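Worksheet: one structure, shown below.
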Amino acid sequence: MAAMRHMHEYGTTSAQLAQIKVAASLHAHHNPNALLQNVVTVDEVLSSPLVSDPLHRLDCCVVTDGGGALMVVSAEVAHTLSRTCVAVLGHGEAVKGTDNGRIDLTRTGAAWSGPAAFEQAGVTPADIDYVSIYDSFTITVLETLEDLGFCDKGDGGRFVSDGTLVAPYGRLPFNTDGGGLCNNHPSNRGGMTKVIEAVRQLRGEANEAVQVPDCQIALAHGTGGSLAARMGSVTVILGQDDS
Amino acid sequence: VISLPAPPPPRDDGDEEFWTATTEGRLLLRRCDACGTVIWYPRPICPSCHSTDTSWTDASGMGTVYSFTVVRRGVGRFATAVPYVFAYVELAEGPRVMTNVVDCDPETVYIGMPVELVFHDTGERSALYRFRPTSVGQQLP
């Protein structure tokens, strides 16, 4: 229903949403652990069966087992480790409720968690070299990118076209492990893999074909609940540890 | 037209009046007597001004489709009811409520479509509030 409303208000098309899946598939093609490793086209997304209008099967994430873990240590400890560490530059969290029934299906909690993270990190969307965006569905990515300020509200459809999200040379490479749309989506834990891939990018340890050159600042974003209705959003901005 | 299942809603303390009204063909809205806000979901404290001075009022039953989807893959009792329309309807009083649009071809539903309230009895002292295009009602004798 979020996608349907976004299309109604802003003229977003299914072909534009499909561009998000296409970019994810181009990245998953280089990930030997991805569940779906085949590159797909916009036409293939549009010709896959409708699950819930206007979302097709290929607009939806996979359902898999999986897991992940992060080590969070103090700066003192980090400096004693042999592995390259990354620094948390800023973070933000937001809960969006149903607003006494006046729900707005085109705006997510990222509209609050994003600005808080950018302010704390002292950077702007233009400074971000790579993004991990939670991707339960293609529309989840599109609304999140708008709300984080990578483009104006309503311009997401145009923004994701023309290879913007494709690594390594798109304007804003995203989900270079293939994301939830192609790689994995362990139950309700889709956010963990987002942070892990952002760390890989900053360490220069992503799959070679999708490693963003000189990746210095990355953003990871998680989404929970019912998109744009009753939901939680969390944004973290990570950077190479220069301290 | 395939009829949708009408499973009984979970019940809780304090919701007896609301669900009993649905069996009488009425959708109750909570209204704040202090600031006038129409409250949804129903609750005794106004989320706008925090007043406890609230009371029930009958919804007019009129609304428009705010957004919707045609569900093509259902689960449980709804698996065999596809395709059906799942929607948010904006009530004339303001709130947008999660519901179904029924009694029409799912392919004809659109955002902004005028709809009116209907009730589907669950058989367990409650009825589900759903909506049909107002044009359906106008065709009936």
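The values are calculated or read from the model by the stated rules, or taken from the named source; none is laboratory data. Given the structure is predicted, the values throughout are model-derived calculations rather than measurements. Every residue, glycine among them, receives a Cβ derived from its backbone with ideal geometry; neighbour counts consider all protein chains shown.
Here are the numbers:
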{"quantity": "Qualifying residue in region B:124-135 (condition: basic (Lys, Arg), touching a His at 6+ places or on another chain (Cβ under 9 Å) and either more than 11 Å from chain A (Cβ to nearest Cβ) or without any contact (Cβ under 8 Å) to a residue 12 or more places away in the chain (or both))", "calculated": "yes"}
{"quantity": "Selection within region A:226-243 - under 14 Å from A:MET1 (Cβ atoms) and either aromatic (Phe, Trp, Tyr) or touching a Gly at 6+ places or on another chain (Cβ under 8 Å) (or both)", "calculated": "A:ARG230, A:MET231"}
{"quantity": "From A:LEU181, A:LEU165, A:LEU89, A:LEU145, residue being touching a Leu at 6+ places or on another chain (Cβ under 9 Å), surrounded by 16 or more Cβ atoms within 10 Å (Cβ to Cβ), without any contact (Cβ under 8 Å) to a residue 60 or more places away in the chain and among the aliphatic types (A, V, I, L, M)", "calculated": "A:LEU145"}
{"quantity": "1 or more residues free of Cβ contacts under 8 Å to residues at least 40 places away in the same chain and away from chain A (no Cβ under 14 Å): qualifying strands (runs of 3 or more DSSP E) within region B:17-122", "calculated": "B:54-58, B:114-121"}
{"quantity": "Total residues in region A:40-61, condition in contact with a Cys (Cβ under 9 Å, 6 or more places away or on another chain), part of a strand (DSSP E or B) and either polar (S, T, N, Q) or within 21 Å of A:ASP177 (Cβ to Cβ) (or both)", "calculated": "1"}
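Yes/no matrix, rows are residues, columns are (1) modelled with pLDDT of 95 or more; (2) within 14 Å of chain B (Cβ to nearest Cβ); (3) over 22 Å from A:ASN184 (Cα atoms); (4) surrounded by fewer than 17 Cβ atoms within 10 Å (Cβ to Cβ):
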residue: A:GLY68; (1), (2), (3), (4): no, no, no, yes
residue: A:HIS79; (1), (2), (3), (4): no, no, yes, yes
residue: A:ASP99; (1), (2), (3), (4): no, yes, yes, yes
residue: A:ALA117; (1), (2), (3), (4): yes, no, yes, no
residue: A:THR124; (1), (2), (3), (4): yes, no, yes, yes
